[in-house]
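Enquirer: My questions will all concern the structure given below.
The values are calculated or read from the model by the stated rules, or taken from the named source; none is laboratory data. Computed from a predicted model, the values in this text were never measured in an experiment. No Cβ is skipped: glycine too gets one built from the backbone with ideal geometry, and neighbour counts run over all protein chains shown.
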Amino acid sequence: MSAPTDAQRMEKIVSLCKRRGFIFQSSEIYGGLNGAWDYGPLGVELKRNLKNYWWRIMVHDRDDVVGMDGAILTHPAVLKASGHVEGFSDPMIDCRTCKAHLRADQLVEKKGVKQCPNCGGKDFTEARQFNLMFETHVGAAADESSIAYLRPETAQSIFVQFKNILEVSRKKLPFGIAQIGKAFRNEINPRNFTFRSREFEQMELEYFCRPEQGMELLEYWKEERLKFYDNIGISRANLHVLNVPDGERAFYSKGTYDIEYDFPFGRQELEGVAYRTDYDLSQHQKASGKSLEYFNEETKERIIPHVIEPSAGVDRTVLAMICEAYAEDEAPNDKGAMESRIVLRLHPRMAPVKCAIFPLLKNKEALVAKAKEIVALLRPDMAVFYDETGAIGRRYRRQDEIGTPFGVTIDFETLGEKDPGLRDTVTLRDRDSMKQERVAIQDLPVILRERIR
Ligand code: GAP
């Protein structure tokens, strides 16, 4: 079953992303570079929070995973051995009516007839294979001998460094190597905002094991990854697990799950969890002539480990988080009347700004001084934002729209003017419930740290 689409909702999300500085089109002032995106001040924070959390869960919280950071420029021999030079391509056709270049599987079918999604034309060229890798030249000579590729996935550098990392980390099977980094694919039709880009980031784990552990670990990693999405605020109800059928998996895979999300433009893949068997290590061992075997000290046997690969897209997950969080509801303004508001209900651990700090009035020195003290108190633990301009309601609205989960207001009670018992207390407002609680300034770091962990 495919999810219903909502073009209007998507338009609002794209517009919010630009208006508030999450995501801009790359090279925008020159008309834009198709398939490339730049993250603005808030986007970069959201993206970083996601990557840091993935790293914490997949590497730091585990004894059996280590990390690496490989080069983007890749030796052609690596990608020949992996099969990318020969086979990493999409079938492409051109519409003879509007001249659009199209992926053959993206034609729309109406009454059994294939049509161009742009102009409805029915006259196409023959399909031809189009390799998705970006080729470049390394050094001064621009000939066959200097070809290198921008990596199309981070995974291959993990396989190629398997032996080095095994030796230095002294891990025993099963163990994993994790990496987060850029990947490049010359997609025929980049589309749906950042969903299908030509430059994007991946978060990949290659988890090596004995062959007989493979199927069980495939299930284990699928479940771990589903938990991860829950912990970043993506509801299970909007996630779907597709068990990729035999004929549609890579020929070397013994099992693959696609974790899909209901985006406003339809149900689409967020992450693949694939059992890649010993294909990659075997290919690199064969092509390089170097042993990539694992020696089991106890049984004295040598094997090429099998691998389970959870591979997630950073940009797609950021987009899913924003789509999941986007909401419109009503909130009271300064006079108590209800007004419509846009709110991003981002999980506090993912929100770009954790706490906004507002002195009630900007022309009252004592309020401003207290507010700045609180900024300094919280800054070592979290990203905070100080705002003294406009009515409090307006200031809340601006923060709601970017997903700031907490707001602290410094008022005359804080100065102890009415009730000395309330001196050095502030109101702490929750973005979602809009409830306010009175808390002591000195307790703020502990209370907030607990809620954003
Ligand atoms: N190493 C396995 C691999 O690369 P993939 O399914 O081709 O598998 C893994 O990619 C993930 O990378 C996808 O689930 C998606 O989140 C992300 N991804 C792939 N192509 C992308 C693109 N053109 N734009 C944005 N993200 C992409």
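Enquirer: Testing Arg210 on (1) away from the ligand (no atom under 11 Å from the Cβ); (2) crowded, with 21+ Cβ neighbours inside 10 Å, one condition comes back false. Which one is that?
Expert: (2)
Enquirer: On to the next question. Across the range 234-253, what is the number of residues that are assigned to a loop (DSSP other than H, G, I, E, B), more than 23 Å from the chain's Cα centre (by Cα) and within 15 Å of the ligand (Cβ to nearest atom)? Full working, then the answer.
Expert: Quick first cut of the range 234-253, residues assigned to a loop (DSSP other than H, G, I, E, B) only: 234-235, 244-245, 249-253.
Filter again for more than 23 Å from the chain's Cα centre (by Cα), leaving 245, 249-253.
Retained after the next criterion (residues that are within 15 Å of the ligand (Cβ to nearest atom)): 249-253.
The qualifying residues number 5.
Enquirer: Between a residue in the range 265-293 that is free of Cβ contacts under 8 Å to residues at least 12 places away in the same chain and any residue that is more than 14 Å from the ligand (Cβ to nearest atom), which pairs come within a Cβ distance under 7 Å, given they are 6 or more apart or on different chains?
Expert: Correct list of pairs: Glu293/Arg302; Glu293/Ile303; Glu293/Ile304.
Enquirer: Does Leu346 meet the test of being of a type in the set (A, V, I, L, M, F, W, C), within 25 Å of Arg19 (Cα to Cα) and in a loop (DSSP other than H, G, I, E, B)?
Expert: Numbers: of a type in the set (A, V, I, L, M, F, W, C): yes; within 25 Å of Arg19 (Cα to Cα): yes; in a loop (DSSP other than H, G, I, E, B): yes.
Answer is yes for this residue.
Enquirer: Hey, could you check the range 379-394 for residues that are of a type in the set (Val, Ile, Thr) and not in a loop (DSSP other than H, G, I, E, B) and say which is farthest from the chain's Cα centre (by Cα)?
Expert: Among those that are of a type in the set (Val, Ile, Thr) and not in a loop (DSSP other than H, G, I, E, B), it is Ile392.
Enquirer: Another question, then. Select from the range 297-323 the residues that are within 15 Å of Gln213 (Cα to Cα) and either of a type in the set (Ser, Thr, Tyr) or part of a loop (DSSP other than H, G, I, E, B) (or both) and write down the one among them that is nearest to the ligand (Cβ to nearest atom). Walk me through it before giving the result.
Expert: If we filter the range 297-323 for residues that are within 15 Å of Gln213 (Cα to Cα), which is where we start, we get 303-309.
Subset that is either of a type in the set (Ser, Thr, Tyr) or part of a loop (DSSP other than H, G, I, E, B) (or both): 304-305.
Numbers: Ile304: 18, Pro305: 16 Å.
The extreme case among them is Pro305.
Enquirer: Can you name the strands (runs of 3 or more DSSP E) wholly within the range 1-119 that have at least 2 residues being closer than 30 Å to Cys209 by Cα? First the steps, then the outcome.
Expert: Values: elements: 23-25, 37-39, 65-67, 89-94, 101-103, 108-110, 113-115.
It comes to 65-67.
Enquirer: Given the residues Glu144, Glu135, which is the only one that is within 30 Å of Thr74 (Cα to Cα), under 33 Å from the mean Cα position of the chain (by Cα) and not hydrophobic (A, V, I, L, M, F, W, C)? It would help to see each step written out before you state the result.
Expert: Numbers: Glu144 fails: under 33 Å from the mean Cα position of the chain (by Cα).
When all the criteria are applied, what remains is Glu135.
Enquirer: Is it true that Phe130 is aromatic (Phe, Trp, Tyr), out of contact with any Gly (no Cβ under 8 Å at 6 or more places or on another chain), more than 16 Å from Pro305 (Cα to Cα) and more than 16 Å from the ligand (Cβ to nearest atom)?
Expert: On the way: aromatic (Phe, Trp, Tyr): yes; out of contact with any Gly (no Cβ under 8 Å at 6 or more places or on another chain): yes; more than 16 Å from Pro305 (Cα to Cα): yes; more than 16 Å from the ligand (Cβ to nearest atom): no.
Answer is no for this residue.
Enquirer: I'd like the full set of residues that are more than 9 Å from the ligand (Cβ to nearest atom) and either within 17 Å of the chain's Cα centre (by Cα) or within 12 Å of Leu319 (Cα to Cα) (or both), limited to the range 258-267. I'd like the intermediate steps shown before the answer.
Expert: Keep residues of the range 258-267 that are more than 9 Å from the ligand (Cβ to nearest atom), which gives 260-267.
Within the range 258-267, Glu260, Tyr261, Asp262, Phe263, Pro264, Phe265, Arg267 qualify.
Enquirer: What do you reckon, is Cys116 touching a Gly at 6+ places or on another chain (Cβ under 8 Å), modelled with pLDDT under 95 and of a type outside the set (Gly, Ala, Ser)? Lay out the reasoning, then the answer.
Expert: Values: touching a Gly at 6+ places or on another chain (Cβ under 8 Å): no; modelled with pLDDT under 95: yes; of a type outside the set (Gly, Ala, Ser): yes.
So Cys116 fails the test.
Enquirer: Something else: Which pairs turn up if I take residues in the range 426-453 that are within 16 Å of Leu378 (Cα to Cα) and look for partners that are at pLDDT 95 or above and of a type in the set (Ser, Thr, Tyr) with beta carbon separation below 6 Å, at least 6 apart in sequence or on another chain?
Expert: Filtered contacts from the range 426-453: Val426/Thr414; Thr427/Thr409; Ala440/Thr425.
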